[in-house]
Amino acid sequence: MKAIKASPLSLTLPFLALSPVFMIFTSNLILGEKLDSYGIIGISLTTIGAYLLHVKTTRKGILEPFKAIRRERGSVYMIIVAFIYSITSNLGKMAVLHSSSLFFASTYLPILTLIVLPILLWKRHGKVKQAVPHITLFILIGLSMALATVTHFLAVNIVEVPYAISVKRTSLLFGILYGAFWFKETNIRERLIGSTIMVIGVVVITLF
């Protein structure tokens with residue numbers, strides 16, 4: 001949430017594509033799932049895509065796009081999120097293997113709510129009051145997240161975690177388009193090209 005609040009969607013969501021890249025290493029360590037050498041090609045394409053997100057800054061130097069990522073606070077936050085996802089997704093699969101997809105999905109969100117809600121009420125009491133008039137919207141968001149969680153764990157129960165997350169990360173392209181249409185974000189073309197290349201890298205990791 002901090003990432004998309006601090007920076008445009010088109011400069012934050014693409015970095016979720018890094019989670020399958022991180023999973024090449026975390027899945028091997030946690031679950032013993034191994035991917036072949038095409039993972040290197042996928043990593044390279046994902047890196048190129050990340051570079052192209054700030055390609056206009058190359059006039060200041062060839063490494064400037066990478067420096068621009070570091071300066072964009074939301075991008076840094078999302079890279080951290082992608083790494084955390086690469087760990088929690090593997091741990092989630094371990095939980096699914098020891099129970100079931102539906103059981104874990106039905107307990108995961110309530111437990112998360114019990115942990116986060118008291119903190120939210122304590123630190124953001126005023127913000128909660130502002131959200132009350134929009135309760136219908138939040139209910140719809142909650143239902144969408146619940147459905148996404150159930151289908152996510154059904155997927156990781158069937159295939160290797162990196163493969164499931166790779167397909168899931170194609171959603172970042174829709175996020176960039178939402179940023180353009182709803183929030184009038186600029187420089188969408190170069191960011192969409194960079195994001196598409198990142199997704200291609202993810203597909204290479206997935207299919208080969």
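Compute the whole-percent fraction of alpha carbon pairs in region 101-156 spaced more than 20 Å apart. Please report the intermediate quantities before stating the final value.
On the way: 551 of 1540 pairs.
Tail fraction, whole percent: 36.
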Checklist line | Computed E for H98/R71 - FRET, C-beta separation, R0 35 angstrom, nearest 0.05 | finding: 0.25
Checklist line | Ranked by how many other beta carbons lie within 10 Å on average, peptides 108-117, 176-185, 71-80, 9-18 from highest | finding: 9-18, 71-80, 176-185, 108-117
Checklist line | Karplus-derived 3J(HN,Hα), 6.51/-1.76/1.60, for each residue of region 21-27, Hz, glycine and proline x | finding: 5, 4, 5, 4, 9, 6, 5
Next item on the list: Subtract the Cα-Cα distance of L114 and F174 from 0.36 nm times their separation in residues, and report this length gain in nm to one decimal.
Entry: 18.6 nm
Item checked: Under 5 Å, built H, 5+ apart or other chain: amide partners of E185 -> A180
Next item on the list: Convert each backbone phi in region 111-122 into a coupling constant with the Karplus relation 6.51 cos²θ - 1.76 cosθ + 1.60 (shift: θ = phi - 60°), then list the ³J(HN,Hα) values in order as whole Hz, x for Gly and Pro.
Entry: 5, 4, 5, 4, 7, 7, 4, x, 5, 4, 5, 6
Check: Taking the Cα-to-Cβ direction at L121 and at T107 and moving 7 Å from each Cα, how far apart do the two end points lie in nm?
Finding: 2.4 nm
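Each value in this text was obtained by applying a stated rule to the coordinates, not by laboratory testing. Bear in mind the structure is a predicted one, so any value in this text is a computation, not a measurement. Ideal geometry is used to build each Cβ from the backbone, glycine not excepted, and the neighbour counts take in all protein chains shown.
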